[in-house]
Amino acid sequence: MKESVLIAGGGVAALEAALALEDLAGDRAEVTICSPRPNFVYRPYAVGVPYGVSRVATYWLEPLAAAAGARYRCDSIASVDREARLAVTHDGESIPYDNLIVCPKSGQIDGKRCHGLGPDQPTLITEFFGNHAHNARNTNAI
């Protein structure tokens, strides 16, 4: 049976997590990237935008997720019930998961924006796949 992995976020860390899971877990994982934005914004050259010397590139997230072996879901997560392993969207829909990876923008997890997550919570991510993944670790956020 496949492990369901929910990746909350749509940035670099989310895509890298999906790529790593594809490499480490292969077909043992069913990965979903959940982000309210339908696009991935590549920002390294953003500092040059005001001067007209560069531009911020955007790419549709769905084909990027597919290329990383994941599905894309356009939604935002409002809360997490870690014991029940459910992520709840802002519309109240529950998304079950076996493993949760949280990849927020900088400063987004403060406990006020997403109930159930925050610095006072001991672990946000369950073990990737126990002995199945090389170098698996419990981590708070990517």
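From the list Leu61, Leu117, the one residue that fits, being surrounded by 14 or more Cβ atoms within 10 Å (Cβ to Cβ), at pLDDT below 95 and under 16 Å from Ala8 (Cα atoms), is Leu117.
The numbered conditions (1) touching an Asp or Glu at 6+ places or on another chain (Cβ under 8 Å); (2) assigned to a strand (DSSP E or B) are all true for Ala25 except (2).
Each residue in region 56-82 was checked for being in a strand (DSSP E or B) and not basic (Lys, Arg), and 12 pass.
Glu3 satisfies every condition listed in (1) over 15 Å from the mean Cα position of the chain (by Cα); (2) modelled with pLDDT of 90 or more; (3) loosely packed, with under 14 Cβ neighbours inside 10 Å except (3).
The values are calculated or read from the model by the stated rules, or taken from the named source; none is laboratory data. Keep in mind that what you see is a predicted model, and the values were worked out from it rather than measured. Using ideal geometry, Cβ is built from the backbone for each residue, glycine included, and neighbour counts are taken over all protein chains shown.
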